[in-house]
Amino acid sequence: MKNFGLERVVEPADSLPVTAWKLDNSPELRRGEIRIRLSSIVFERENFFQLCSICENDDDKIRERIIKIVNERGKLHNPYTESSALFVGTVEEISPGFDLGEIKVGDDVISMTPMAGLPAFIEEIGEIDIYYGRIQCTGYVICFETVQLMKVEDPYSRSTIHLMRALEEEGSIYGISHELMQRDVRKAAVIGSNIAEAIYYSQMVKNSSPKQKASVKFVIDGAYFIGITEEDLRVIFGSLVDGIFFVDLSKPMEAVEKIMSSEEGEAFDAVINLENIKGCESVASLISKDNGIVCYTSMNNRYCHGLLLVDCLGKDITHYGLDGYSANAYSFALEIVKETEPALRRLDAFYAGKRKTPQKIRTAFRERTQAAARQIDGFIYKSPVTAAMVEEVLNVAQYDCNVIIQGETGVGKEKVFNLIHQNSSRRDKPCVKINCATITENLAESEFFGYEKGSFTGAQAGGKEGYFEIANNGTLFLDEIGCLSLAMQSKLLRVLQESTYYRVGGTQPRHVNVRVICANNIPLKKLVEEGQFREDLYYRLNICLINVPPLRFRKEDISCLAEAFLNNYVSKYGVVKEFSQDAYKQLEEYHWPGNVRELENTVHRLYIAEKERIIDGYAVDALINQNVLGEVILDIKKEMNGEESIDFNQIMDEQEKKIIAYALRKKGTTRKAADFLGIPQTTLARKKLKYNL
């Protein structure tokens, strides 16, 4: 068998490079490997826009994010979209005995194999080309005997950039072409928003029906693409398309009515869907004729939804989900690029004159995918920060490894655990949740491992199962794991290492298969440094670490969470109430030291206390001010802690600092904060300086 990189897998063991979480990306070559110096990378389009969205369309953040992924995983494999990229580079070194045919050291090559299964290292990222999902970079990638490489003349030329974009689609273009050649296609539609891809597929349709010279219509998601007109597209496409429809794919019935009215009700023989926007599958199915064909350029492009929809419509439509590598695809893609060179040049010229458009495209994409509050398995969010965390959680969920979830009290660590479990392979297996802070030290071992009958005074006659036994083949969630004693931590480590344990009073080892996910409000790394948590247990648990950001860092979530909590109480108590816009504003201005738990409690209190149907900003502000005073009283009680005397000056300084900080957060400027507190601005400015606020 040819080398495909199995020796480079770091974790999890026994996985393939493309499915592994981490690869060894060291530059030293092994047998059957070559090292290529990177010059540029082209991402799968949706993958690239997703990265842009997470990074708030900031080029520096995009660079940091890509490098972070590669540093963490040893490869360029987006853990959120499960997609990757192709690359162009120069061959640096070839291991002895590795025959690449005509390719030798110093040759410029283009890869047809995605980087998801290839060890890589990126030193620096230069220009970012939003239109083609391309980055210029320096670094290297390790390739194996199974990697498909082709020589290129000029890695920096526009033709090479176009070829890379086409190769991202090469399997689909070639496969769909083969299918269309078997049919009498007179009329076809290409649905998408990426103009370069639409050019390739339009040319492919024309080539697939040389006798008929099929009519091709381009359906573009106009709600997504900003800064281009129908006339612009007609100039770019030239004779490649015979009609253009600007529609909103998220409103499928409206889009279909617009298309079919222009076509006088005549449906299409073939529809090629390049999009993954909800609604595109409806448009594709509705405009396709009976006994027609609908082709999806990847299995992600709403393919399964399309199958279900056609059953409901009662249409006989052939569906194809095509992607991946084909032996003849490179020459096919190369020919497509050559044939479409005039259109691609016109497209480049158009992009060159639209310097501000990329930001608009990114913003539009983000608005289409993130503007509305989203809910996944009961986890409600709207913030890009939370969206990034959720995508990380969903990726981690599919890997059967131990996980640490950390975050402040009340941020929703158990909600994150639920999200992991519900999307894991163990979702239909036992799920046991334990709060370690509630377990007394002398009972901990029997609670975790169970005991045999008669093992100690007061033991149940038949013995008792422990948490590990109950959770066998499932998931065990250990909340506040930092509260366990060092002795109990040692026993827990042994179970994780050997997957065996003994019941208290037992002599027979018991085997267990449990995924352990733990949570703590204080970072476990800090507890390790303080000697309160075993370092070896920490590293055994820390395969994946998920940080749940506090609510003050994801303010966009506050309004949608508050609305969801309020609706829950409306359902529970039966009295309809709602927040005004200024109420939402007041909620978003508060810093929420108790995070989501405090927000839910506050909404509950507002619902009960407010007699009017509309809960306004005054009601919210009054209750939150009570919260601030409550914090002051609570802090005084903590300071006393049974002591007969306290440091009055110290407590007063601390509370003054909190009140001034609150006023500054609420009002934004020292003048407004001073007016709010009823003190001179100079006094507030002096105290702000004193407390380093």
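The values are calculated or read from the model by the stated rules, or taken from the named source; none is laboratory data. Just so it is clear, the structure is predicted and the values come from calculations on it, not from any experiment. Don't worry about glycine lacking a Cβ; one is built from the backbone with ideal geometry, like all the others, and counts go over all protein chains shown. These accessible areas exclude ligands, DNA and RNA; they are computed on the full protein's heavy atoms, side chains included. Shrake-Rupley method; radii C 1.70, N 1.55, O 1.52, S 1.80 Å.
With the crude spin-label approximation of a point 7 Å out along Cα→Cβ, what separation in nm comes out for Glu588 versus Ala352?
4.2 nm
Quick one, can you get me the convex hull of the C-alpha atoms of segment 453-527 expressed as volume per residue in Å³?
Normalising the Cα hull of segment 453-527 by residue number yields 111 Å³.
Which three lengths, in whole Å and largest first, does segment 216-285 cover when its Cα atoms are put on their principal axes?
For segment 216-285, the Cα spread along each principal axis is 29, 26, 20 Å.
Just name one of Gln136, Leu167, Ile122: the one whose Cα is farthest towards the positive end of the charge dipole of segment 117-177 (beta-carbon charges, Lys/Arg +1, Asp/Glu -1).
Leu167
Between Ala622 and Glu266, 0.36 nm times their residue separation minus their Cα-Cα distance comes to what?
121.9 nm
Let's see if you can work this out: charge +1 on each Lys and Arg Cβ, -1 on each Asp and Glu Cβ, no other charges. What is the dipole magnitude of the chain about its Cα centre, in debye to the nearest 20?
Its charge dipole is roughly 940 debye.
Which FRET efficiency value, to the nearest 0.05, do you get for Ser490 and Tyr573 by plugging their Cβ-Cβ distance into 1/(1 + (r/R0)^6) with R0 = 45 Å?
For R0 = 45 Å, the calculated efficiency reads 0.40.
Can you tell me the orientation of helix 195-208 relative to the chain, as the angle in degrees between its alpha-carbon axis and the longest Cα principal axis, to the nearest 10?
It works out to around 40 degrees.
Take Ala459, project a point 7 Å from its Cα along the Cβ direction, then tell me which residues of segment 490-513 have their backbone nitrogen under 13 Å from it.
502-508
Bins of 20 Å, beginning at zero and ending with the bin holding the largest distance: percent of Cα pairs per bin for the chain, please.
15, 39, 34, 12, 1
Expressed in nm to one decimal, what extension gain is obtained for the pair Gln398 and Phe553 from 0.36 nm per residue of sequence separation less their Cα-Cα distance?
Value of the extension gain: 53.1 nm.
Taking R0 as 60 Å, what FRET efficiency do you get between Arg234 and Asn542 from their Cβ-Cβ distance, rounded to the nearest 0.05?
About 0.60, to the nearest 0.05.
Residues of the chain: accessible area per residue at 1.4 Å, in Å²?
Heavy-atom SASA per residue in the chain reads 46 Å².
Taking a spot 7 Å from the Cα of Ala609 along the direction of its beta carbon, which residues of segment 652-685 have an amide N less than 19 Å from it?
659, 662-663, 666
Of the listed peptides 10-19, 276-285, what is their order by residue-averaged count of other C-beta atoms within 10 Å, with the highest listed first?
Sorting 10-19, 276-285 by mean packing, highest first, produces 276-285, 10-19.
What's the FRET efficiency of Glu64 with Met253 using the Cβ-Cβ distance as r and R₀ = 60 Å, to the nearest 0.05?
So the FRET efficiency works out to roughly 0.90.
Express the carbon and sulfur contribution to the solvent-accessible surface of the chain as a percent, rounded to the nearest whole number, probe 1.4 angstrom.
Here carbon and sulfur together make up 50 percent of the probe-accessible area.
Round to the nearest 10 and give me the degree value, 0 to 90, for the angle of helix 681-690's Cα axis relative to the longest principal axis of the chain.
Value to nearest ten degrees: 90.
Using only Cα atoms, tell me the angle between helix 413-422 and the longest principal axis of the chain; keep it within 0 to 90° and round to the nearest 10.
Taking the Cα atoms of the chain, the angle to 413-422 is about 40 degrees.
Using amide H atoms built 1.01 Å from N in the peptide plane, name the residues 5+ places from Val10, or on other chains, whose amide H lies under 5 Å from its own.
Long-range HN contacts for Val10: Lys22, Leu23, Asp24.
Could you give the dipole magnitude of segment 211-282 about its Cα centre, charging the beta-carbon of Lys and Arg +1 and that of Asp and Glu -1, in debye to the nearest 20?
Roughly 220 debye for segment 211-282.
In nm, give the distance between the simple-model label positions of Thr682 and Glu127, each being 7 Å from the Cα along the Cα-to-Cβ direction.
Reported label-point gap for Thr682 and Glu127 is 5.7 nm.
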